[in-house]
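One structure below.
The values are calculated or read from the model by the stated rules, or taken from the named source; none is laboratory data. As the structure is a computational prediction, the values presented were derived from the model and not from experiment. Cβ atoms come from the backbone with ideal geometry, glycine included; neighbour counts cover every protein chain shown.
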Amino acid sequence: MGSIRLGIISSAGNIIPNPKIRQFTKYYPEVNIQISDANTFSLINKLNNNPLDLAIVRPPFNMQGLATKQICKDRMVVVANPQYFALPKGKLSLKEISQQPLILYRRFESMFNESFAQNGLRPFYAVKCDDARTAIQWADQGMGVALVPQSIGQVFSDQQLRLVDYSRWDTQTMVVWRKDQPVKPIVDKFIQAL
């Protein structure tokens with residue numbers, strides 16, 4: 001039946017696979033899905049160099065030459081181990097967040113820095129890393145509190161999650177593919193399932 005070469009970011013969390021993709025694989029049981037895990041920029045590079053049919057990524061990135069479809073919006077959350085950090089109940093403000101030792105997933109560093117600076121806040125980044133799963137792991141071990149998209153926080157942490165009360169930090173997940181190449185029919189059906 002064919003194959004789908006799919007790139008997925010680590011922070012896709014519980015966005016994929018999902019019930020629609022499970023239904024897709026039941027309907028097309030002979031389709032082979034080959035997954036490449038990487039960050040958004042690596043996946044865009046692979047897509048442009050042709051080893052991928054499509055990729056699930058998070059903006060911002062250079063969208064030139066790419067077709068896009070939004071999959072979902074994702075809220076930013078704080079992940080903290082309550083054994084080490086007692087966070088206030090409910091959504092957390094930027095001020096409350098800035099008073100914690102933060103574990104930074106570098107993907108969002110410029111966005112966080114800009115927001116804190118605009119609000120006159122100077123956070124302390126206790127740890128910086130390149131993968132949301134690593135940020136969560138360090139938060140789970142009490143090394144600080146992690147700022148990650150909710151979808152991955154829900155999958156990889158058993159600790160308390162608190163929504164960030166700052167809509168500018170909301171992020172989205174998109175599927176992208178090259179505009180200049182024909183999309184295989186099975187890939188098109190997969191995109192529709194997303």
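Do you know which of the residues in segment 10-39 that are modelled with pLDDT under 90, touching a helix residue (DSSP H, G or I) at 6+ places or on another chain (Cβ under 8 Å) and in a helix (DSSP H, G or I) is surrounded by the fewest Cβ atoms within 10 Å (Cβ to Cβ)?
20
Residues checked against (1) in contact with a strand residue (DSSP E or B) (Cβ under 9 Å, 6 or more places away or on another chain); (2) closer than 19 Å to residue 166 by Cβ:
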{"site": "42", "(1), (2)": "yes, no"}
{"site": "52", "(1), (2)": "yes, no"}
{"site": "56", "(1), (2)": "yes, no"}
{"site": "60", "(1), (2)": "no, yes"}
{"site": "63", "(1), (2)": "yes, no"}
{"site": "77", "(1), (2)": "yes, yes"}
{"site": "98", "(1), (2)": "yes, yes"}
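Being closer than 17 Å to residue 99 by Cα and buried (at least 20 other Cβ atoms within 10 Å of the Cβ), is that true of even one residue in segment 149-159?
No; the residues of segment 149-159 include none that is closer than 17 Å to residue 99 by Cα and buried (at least 20 other Cβ atoms within 10 Å of the Cβ).
Please pick out the residue among 116, 112 that is farther than 22 Å from residue 174 by Cβ, touching a residue at least 12 places away in the same chain (Cβ under 8 Å) and in a helix (DSSP H, G or I).
None of the other options fit; the residue is 116.
Answer yes if at least one residue in segment 148-159 is among the acidic types (Asp, Glu), over 20 Å from residue 37 (Cβ atoms) and either in contact with a strand residue (DSSP E or B) (Cβ under 9 Å, 6 or more places away or on another chain) or modelled with pLDDT of 95 or more (or both), and no otherwise.
no
Restricting to segment 145-177, give me the number of residues that are in a strand (DSSP E or B) and free of Cβ contacts under 8 Å to residues at least 12 places away in the same chain.
Number satisfying all stated conditions: 0.
Table: residues versus (1) at pLDDT 95 or above; (2) surrounded by 15 or more Cβ atoms within 10 Å (Cβ to Cβ); (3) not basic (Lys, Arg).
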site: 131; (1), (2), (3): no, yes, yes
site: 138; (1), (2), (3): yes, yes, yes
site: 183; (1), (2), (3): no, yes, yes
site: 188; (1), (2), (3): no, no, yes
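Residue under question is residue 44, and the condition is that it be at pLDDT 90 or above and in a strand (DSSP E or B); does it hold?
It is false that residue 44 is at pLDDT 90 or above and in a strand (DSSP E or B).
Hey, any hits in segment 93-101 for a residue that's touching a residue at least 40 places away in the same chain (Cβ under 8 Å), more than 19 Å from residue 135 (Cα to Cα), surrounded by fewer than 18 Cβ atoms within 10 Å (Cβ to Cβ) and of a type outside the set (S, T, N, Q)?
no
Which ones in segment 19-41 are without any contact (Cβ under 8 Å) to a residue 24 or more places away in the chain and within 25 Å of residue 76 (Cβ to Cβ)?
Within segment 19-41, 19, 41 meet the criteria.
Just checking, how many residues over segment 47-95 are aliphatic (A, V, I, L, M) and more than 30 Å from residue 189 (Cβ to Cβ)?
Number satisfying all stated conditions: 9.
Identify, by number, the condition in (1) more than 23 Å from residue 157 (Cβ to Cβ); (2) at pLDDT below 90 that residue 121 doesn't meet.
(2)
Is at least one residue of segment 20-31 closer than 12 Å to residue 173 by Cβ and of a type in the set (D, E, K, R)?
Looking for residues that are closer than 12 Å to residue 173 by Cβ and of a type in the set (D, E, K, R), one finds none in segment 20-31, hence no.
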